[in-house]
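Scroll down for the structure; my scribbles are underneath it.
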Amino acid sequence: MPTPALDPTAETAPRVGVLALQGDVREHLAALESLGAQAVKVRRPEELEAVDGLVVPGGESTTIDKLARAFGLAEPLRKKIGEGFPVFGSCAGMILLADEIADPAEDLTGAPQETFGGLDITVRRNAFGRQRESFETDLDFKDIDQSGGPVHAVFIRGPWVERVGSSVEVLAEVDPEHASHTATLGGRSRIVAVRSGNLLATSFHPEVTGERRVHELFIRMIKGEA
């Protein structure tokens, strides 16, 4: 059974921001609105203060990092994450929520890219390969309604998680025996979705496939129901 949409005018409908600096902003807004959330763009610190949770979209993690600092959002967001603010990051968003990047990009001065942090994980950027090696596969995903079957996941230059801390729950992995793209997996399952408290992250892009259960899980997290 599909998840019924909330009434966005109802008091129970959370106000969910999408970090609108670069990336799949429209797609995330549409996914959230389809579930009845009040979905808004966030570019300024005062807009961040007006939402109940935030989505950090897929895109270029280095660009989002630089723009977040330029717009004065990086430090307020780090502070809110430390206070338990709900955040969902997809693809580049996963990188930006990681405490550690195994292969960080560097700017012209040699300084490594920064993250918002909060997730005790180590990620590897572009781990599944370049754009031409994008692929789709089905995943068993914990903590969602299983009646709709596995989650169909699209990976576009996606990261994977190489290390998880004790506070992090693994929600999904790509199994090399069943994935449609295995060249870079090295015969190992790779972690592609995690959760720690109010932080949720996926290597893939649920916003581009019509898959709504990951966003529905995030809304439930915001409401304290998951």
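Key figures for this structure:
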| read-out | value |
| --- | --- |
| Qualifying aspartates and glutamates (Cα of each under 20 Å from Cα of Lys41; at least 8 residues distant if same chain) | Asp7, Glu11, Asp24, Glu27, Glu33, Glu49, Asp52, Glu60, Asp65, Glu75, Glu207, Glu216 |
| Qualifying GluC sites (Glu not before Pro) in the range 4-113, DSSP loop, other Cβ atoms within 10 Å at most 12 | Glu11, Glu49, Glu83 |
| Residues of the chain: accessible area per residue with a 1.4 Å probe, Å² | 45 Å² |
| Pair Arg44, Glu169: separation of 7 Å Cα→Cβ label points (nm) | 3.7 nm |
| Carbon/sulfur fraction of accessible area - the range 19-132, other protein chains in place, 1.4 Å, % | 45 percent |
| Efficiency of FRET from Cβ geometry, Thr12 and Thr63, R₀ 35 Å, rounded to 0.05 | 0.50 |
| Net charge of neighbours whose Cβ lies under 15 Å from the Cβ of Arg213, counting Lys and Arg as +1 and Asp and Glu as -1 | -4 |
| Dipole magnitude of the range 15-121, debye to nearest 20 (Cβ charges: Lys/Arg +1, Asp/Glu -1, about Cα centre) | 420 debye |
| Helix-derived mean residue ellipticity, 222 nm - over the chain, DSSP H n ≥ 4, -39500 (n - 2.57), to 500 | -6000 deg cm²/dmol |
| Sequence-separation-based contact order of the chain, relative, with Cα cut under 8 Å and 6+ spacing, percent | 19 percent |
| Cα→Cβ-extended label distance, 7 Å offset, between Thr209 and Ser34, nm | 1.2 nm |
| Rounded FRET efficiency, nearest 0.05, which uses the C-beta distance separating Asp145 from Ser189 and R0 of 25 Å | 0.60 |
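The values are calculated or read from the model by the stated rules, or taken from the named source; none is laboratory data. For clarity, every value in this text was computed on a predicted model and none was experimentally measured. All Cβ positions, even for glycine, are placed from backbone atoms using ideal geometry, and neighbour counts span all protein chains on display. These area figures cover heavy atoms from the full protein model, side chains too; ligands, DNA and RNA do not enter into them. Shrake-Rupley method; radii C 1.70, N 1.55, O 1.52, S 1.80 Å.
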